[in-house]
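Shown next, in structure tokens, is the structure this report addresses.
The values are calculated or read from the model by the stated rules, or taken from the named source; none is laboratory data. All values derive from a computational prediction rather than experimental measurement. For neighbour counting, all protein chains shown are included, and Cβ atoms are generated from backbone atoms with ideal geometry for every residue, glycine included. Only protein heavy atoms, including side chains, enter the accessible area calculation; ligands, DNA and RNA are left aside. Shrake-Rupley method; radii C 1.70, N 1.55, O 1.52, S 1.80 Å.
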Amino acid sequence: MADVDKDKLVQFLLRMGDNTLILGHRVSEWCGHSPVLEEDIALANTALDLIGQTQMWLGYAAEVQDEGKSADDLAFLRDVWDFRNLLLVELPNGDFGRTLMRQFLFDAWASVMLGRLIRSSDERIAAIAAKAGKEVAYHVERSAGTVVGLGDGTEESHDRMQAALDYLWPYVGEMFESDETDAALAAAKIAPDPSSLRTDYDALVNKVLAEATLDIPAGKFGHKGGRTGRMHTEHLGHLLATMQYLPRAYPGAEW
Amino acid sequence: MTDTRIDEKPTAEQIMAWLDTVPDPEIPVISLVDLGVIRGIEWQGDTLVVKITPTYSGCPATSIIGIDIETALRDRGIEKLRLEQQLAPAWTTDWMSEKGRAALEEYGIAPPQPAGGPKRCPHCGGEDLERLSQFGSTPCKAQWRCRDCLEPFDYFKCI
């Protein structure tokens, strides 16, 4: 374990694991509902990768925390206020286009973030990043390709993708917010300062959105509060009610 | 009744040979050794430690693989056994054996290629191929189709 305050390391790991957990659950909501079979399978596979990554992040968080909890305990027995995911990933799926736009905006960030974490001074984090990075490289290839296909598609698909981007873009800025937890992890060379990811992120996102003939909204307003836990959207509680129902109603239930 | 317990510790080579008879739970024509998920075998005192690495982080087969390894080795008389998950270096399809690649193709699954797509149709050998989906029936596969014989087939993704 790297040399940093234990609580701050746990915070960081929760932020990583809660992103993949909540997005993984959202994406899994599509199972059986996608427009075509291939997309249904693709979404379910993506969700599965994200849940797998969650086990690595939250598993490590539970170990560092050292309170006898498991990754499952952290996933299923915390309430809204204790979640540290970005607001972006808890937003409802909307239509297929919005789901894939959200996926692309997240995948682009994850690919840049994991690319840096591979060089983390914490060996376990570097190993998780190397493993997850391979999967995310595949995810971003697909989500970027779909954003281009639908954005530069028919008039209907273009308009829906532009509406999705207009709706989701104000949630992008939160990915690059920094606080004292980030500063401590950056000082210990465990994780990059989130603000340092912005240049690479913009380069990737601008290129794909230009190819998709979509315009990035001009407004500077940004929603935030998810990764600090200050304020989640109303949607997270509903998601948790579904996701956590079984282990809460039947404590200790095993598959 | 004869006593089937072993008096001497089997060698790592012997254990690998045993594990080479344990099929992958999702793609039973290849073994766990072919798949490249067995990363190390060592005796720590009288306990056998088997290091395994997951293929995809969320692959549901990972836990079944652990159970299958335990069952196979206990059947061979190994009583003290510990499985360890090894994350780094991350699994790559480069670790798949030549025997495994041939078995996959024979079974109708195109083996992974560094170029990122299948080399030929596993059914007819045709090389005019198209990708139907980047994902398939398991996390490790994608769906392709041969334009020669028009048959769809699975392609084992290269990672």
To the nearest 10 square angstrom, what accessible area does A:S111 show with a 1.4 Å probe?
40
Determine the distance separating the Cα centre of the stretch A:52-70 from the Cα centre of the stretch B:125-159; give it in Å without decimals.
36
Tell me, what does the Kirkwood hydrodynamic radius of the stretch A:6-249 come to in angstroms if you use every pair of distinct C-alpha atoms?
18.1
Which trypsin sites (Lys or Arg not before Pro) in the stretch A:19-78 pass both tests, a DSSP loop state and at most 14 other beta-carbon atoms within 10 Å?
none
Check B:C158: other-chain or 5+ apart residues with amide H under 5 Å from its amide H, H built from backbone geometry?
B:Q113
Along the three principal axes, how long is the stretch A:134-255 when you take its alpha carbons, biggest first, rounded to the nearest angstrom?
50, 39, 32
Inter-label distance, nm, simple model (7 Å from Cα along the C-beta direction), A:N93/A:N206:
3.4
How many percent of the accessible area of chain A is carbon or sulfur, using a 1.4 Å probe?
54
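Counting only heavy atoms of protein chains, what accessible area per residue, in Å², does chain A have with a probe of 1.4 Å? Could the numbers behind the result be given before it?
On the way: 11210 Å² over 255 residues.
Accessible area per residue: 44 Å².
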Can you pull out the cysteines in chain B that have no other Cys Cβ under 4.7 Å?
B:C59, B:C140, B:C158
List residues of the stretch A:228-255, by number, whose backbone nitrogen lies under 13 Å from a label position 7 Å along Cα→C-beta of A:W81.
A:229-232
Inter-probe distance in nm under a simple model that places probes 7 Å from Cα toward Cβ, at A:D215 and A:D3:
5.3
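For the pair A and B, how large is the buried accessible area, both sides, in square angstrom to the nearest 100, if the probe is 1.4 Å?
Counting both chains, the buried surface is close to 1800 Å².
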I'd like the accessible area for A:L246: 1.4 Å probe, protein heavy atoms, all chains in place, Å² to the nearest 10.
90
Got a sec? Which residues in the stretch A:32-60 would a label at B:I64 touch, if it sits 7 Å along Cα→Cβ and we count backbone N under 17 Å?
A:45, A:48-49
With the alpha-carbon atoms as the only input, what is the per residue convex hull volume for chain B in Å³?
119
Estimated translational D of the protein assembly as shown in µm²/s (Stokes, Kirkwood radius over Cα pairs; 25 °C; 0.890 mPa s)
107
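Taking all protein chains together and a probe of 1.4 Å, list A:I118, B:I78 from the most accessible to the least accessible. The partial results should precede the final answer.
Details: A:I118 85, B:I78 5 Å².
Sorted by accessible area, descending: A:I118, B:I78.
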Ordered by number, the GluC sites (Glu not before Pro) in the stretch A:62-168 that occupy a DSSP loop and have at most 10 other Cβ atoms within 10 Å are A:E67
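Shielding by partners for B:138-147, please: the mean number of other protein chain Cβ atoms within 10 Å of each residue's Cβ.
Numbers: counts 3, 8, 1, 2, 5, 4, 0, 0, 0, 0.
The per-residue average across the peptide is 2.
Please report, as a whole percent, how much of the solvent-accessible surface of chain B comes from carbon and sulfur atoms (probe radius 1.4 Å).
Numbers: 3870 of 8020 Å².
Solvent-exposed carbon and sulfur of chain B make up 48 percent of the total.
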Go through the stretch A:54-59 residue by residue and turn each phi into a ³J(HN,Hα) via Karplus (6.51, -1.76, 1.60, θ = phi - 60°); whole Hz please, and just put x for glycine and proline.
4, 4, 5, 5, 6, x
Placing each pseudo-label 7 Å from Cα in the direction of the beta carbon, A:L246 and A:D152 end up separated by a distance in nanometres of 4.3
Can you give the relative contact order of chain A as a percent, counting alpha carbon pairs under 8 Å and 6+ residues apart?
25
Tell me, what ³J(HN,Hα) does each residue in the stretch B:144-153 have, in order and in whole Hz, if you take phi through Karplus 6.51 cos²θ - 1.76 cosθ + 1.60 with θ = phi - 60° and put x for Gly and Pro?
10, 9, 8, 7, 7, 9, 6, 8, x, 8
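On average, how many beta carbons from a partner chain sit within 10 Å of the beta carbon of a residue in A:129-141?
Working: counts 2, 4, 9, 2, 1, 7, 6, 0, 1, 7, 2, 0, 2.
Mean partner-chain Cβ count within 10 Å for A:129-141: 3.
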